[in-house]
Amino acid sequence: MIFRIVTATGLLLVAGHVIAAPSKPKPASALVITNAREVPATDIAIEANGQTVRIKKPLAPQAKTTLKLPKMTGCQVAIAASFPDEASIQIDEFDVCKDDTIRLTD
């Protein structure tokens, strides 16, 4: 009888760890940005939690860079990019918990 109680208690403890609440998604600490356009990106800005980070120099066509993000509590960032041909890209909500790569295209 005691063996059954000990076994049942052990199974309940193990099951409690298996059925634990899902962990909160963790935002990326950096974004990989690829400029797939034929012109350089002259300004790329990422806004997260009221803070803005920018690339330091233009991103050449077909080039990649990694931009470190500020500490974040959520997953959403806003992305803005501008080009010398007067084109621009604006993404108001990008989920950095799901994806840490951005590809700038026409």
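Annotations for the structure displayed:
- Just so you know, the Rg over Rh for region 17-83 is 1.14, from Cα atoms, with Rh as the Kirkwood radius.
- Whole-angstrom gap from region 27-47 to region 52-95, using each part's C-alpha centre: 4 Å
- Total charge dipole magnitude, region 35-106, about the Cα centre, Cβ charges on Lys, Arg, Asp, Glu only, Debye to nearest 20: 460 debye
- Partners for residue 26 among lysines (Cα-Cα distance below 25 Å; same-chain residues under 8 apart left out): 64, 68, 71, 98
- Extension gain (nm, one decimal) between residue 63 and residue 47, 0.36 nm per residue minus Cα-Cα: 3.6 nm
- Extended-chain gain in nm, criterion 0.36 nm per residue less alpha-carbon gap, residue 101 and residue 32: 24.4 nm
- In order along region 26-37, the phi-based Karplus estimate (6.51 cos²θ - 1.76 cosθ + 1.60, θ = phi - 60°) of 3J(HN,Hα) comes to 9, x, 5, 8, 8, 10, 8, 10, 10, 8, 8, 7 Hz; Gly and Pro are listed as x.
- Amide H contacts for residue 37 (H built 1.01 Å from N in the peptide plane; partners 5 or more residues away or on another chain; cut-off under 5 Å): 62.
Where a number appears in this text, it was derived from the coordinates with a stated rule and is not lab data. Predicted model only: the values in this text are computed from it and were never measured. A quick note on method: Cβ atoms are made from the backbone with ideal geometry, for glycine too, and the neighbour counts reach across all protein chains shown.
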